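As structure tokens, the structure follows; a few thoughts come after it.
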Amino acid sequence: MVQNPGGFVISLDFELHWGVRDHRTIAQYRRNLLGARQAVPAILELFERYGIHATWATVGFLFFENLDDLKAALPDELPQYRETRLDPYPTLDEVGKNEDEDPFHFAPSLIRNILAHEGQEIGSHTLSHFYALAPGPTLESFRADLKSAKSAAAQYDIALKSIVFPRNQISRQHLSICAEEGFTAYRSTEADPLIETGNGIISRAMRLADSYLELNGDGCETPCLDEKYPIVRVSGSRFLRPWSTALRALEDMRLRRICASMDAAAKSNRTFHLWWHPHNFGIHLEENIAFLTRIAEHYANINRKMGWPSLTMAEVAENVLRAEKPHCVA
């Protein structure tokens, strides 16, 4: 039987403006958002070259060809956020008609490009970039959101199996609904506890420093089946920070930090899970792709020597579900 095999996991939160609309306008983030449309094919080409599998956790609104189709497919129950800035539904009339007119809110061409590349999984980032822990929305509105996300993906013959919760807002009740709706994997935060330390200056500084120095361990973990629900925990190990002009002198340190964790995961047959957003590569695309290439080359070297595989989140879940003792340890 398979014994929870480890591997190199990558997940990308593919959201365009839907993921930042509560705190950034299109005008403020235009370069990153348009640049994301160049980043997606560049990342796919790199993944293809190095045989890297990845999960693209996609906001469901991006699947639609046009605004009319999107509005016709809205959930039966909408979330009622107490903070109105979190609610995307009142702003739908401000969205353009289709991808040609509005490349910030539609992405069917990019989704088809992802599907055309071997080893790439389309997962869910919910339909509407749903904030599970925000005050207001009910559990049933979350279920309705997932059902509509599944229907949107089904237009592309996609059966959604993996979910990444927006802003990593996760609860036991929401996991139960995910399992009931057929999801088999979710990205958790256990391997990277600094992600939950808040957004204060000290917390942000610690997360930044941990990208270069080992403040928080290697981030490796053995994926496991949730104790109560038939859904596999695939913990995120580290956010892949985008290239920065201010920190370019430290890039070798950042690379060594990631590669050391990959080595540790391969030697112990655990998982190392990198994640980021395509729009993080929206500016300085050349530098970001060059850095990702160095990571991919390191992975290819480990794979040749040790057979450590590259896996999507759904593939990890399949392996765990076949294992003899797959349950998480409390």
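Some notes on this structure:
- Comparing 168, 66, 301 in a Gaussian network model of the chain where C-alpha atoms under 10 Å apart are linked, the largest mean-square fluctuation is found at 301.
- Shown for the chain: cysteine residues without a partner Cβ closer than 4.7 Å, namely 178, 220, 259.
- Kirkwood hydrodynamic radius (C-alpha pairs) into Stokes-Einstein, segment 53-122, 10 °C and 1.306 mPa s, D in µm²/s: 117
- Here residue 305 is the anchor, and the lysines within straight C-alpha reach of less than 21 Å, apart from those fewer than 8 places off in the same chain, are 267.
- Accessible surface of residue 252 - all protein chains present, 1.4 Å probe, nearest 10 Å²: 80
- These residues, 262, 253, go from largest to smallest accessible area, 1.4 Å probe, as 253, 262.
- Simple label model, 7 Å out from Cα along Cβ direction - residue 250 to residue 176, nm: 4.3
- Of the accessible area of segment 53-174, computed with a 1.4 Å probe over protein heavy atoms only, carbon and sulfur atoms account for 46 percent.
- Inter-label distance, nm, simple model (7 Å from Cα along the C-beta direction), residue 27/residue 76: 4.2
- Rotationally averaged projected area of segment 34-92 (alpha carbon convex hull; nm²): 6.0
- Antiparallel bridge percentage (DSSP; both residues within the chain; nearest 5): 15
- Using the 1.4 Å probe convention, the accessible area of segment 64-159 works out to 47 Å² per residue with neighbouring protein chains retained.
- Using only the C-alpha atoms, the convex hull of segment 1-65 corresponds to 146 Å³ per residue.
- Rg to Rh quotient for segment 13-146, alpha carbon positions, Kirkwood Rh: 0.97
- Largest to smallest in accessible area, the residues 55, 222 fall in the order 222, 55 (1.4 Å probe, all protein chains included).
- Listed residues 306, 313 arranged by accessible area, highest first, probe 1.4 Å: 306, 313
- Candidate membrane-span-like segments in the chain, meaning DSSP H helices with Cα atoms spread over at least 20 Å of their own axis and a Kyte-Doolittle mean of -0.5 or above, are 26-50, 139-154, 251-267, 285-306, with no membrane implied.
The values are calculated or read from the model by the stated rules, or taken from the named source; none is laboratory data. No experiment lies behind these values; they were computed from the predicted model shown. Methodologically, a virtual Cβ is constructed for each residue, glycine included, from the backbone with ideal geometry; neighbour enumeration extends over all protein chains shown. Just the protein is used for accessible areas: all its heavy atoms, side chains included, with ligands, DNA and RNA removed. Shrake-Rupley method; radii C 1.70, N 1.55, O 1.52, S 1.80 Å.
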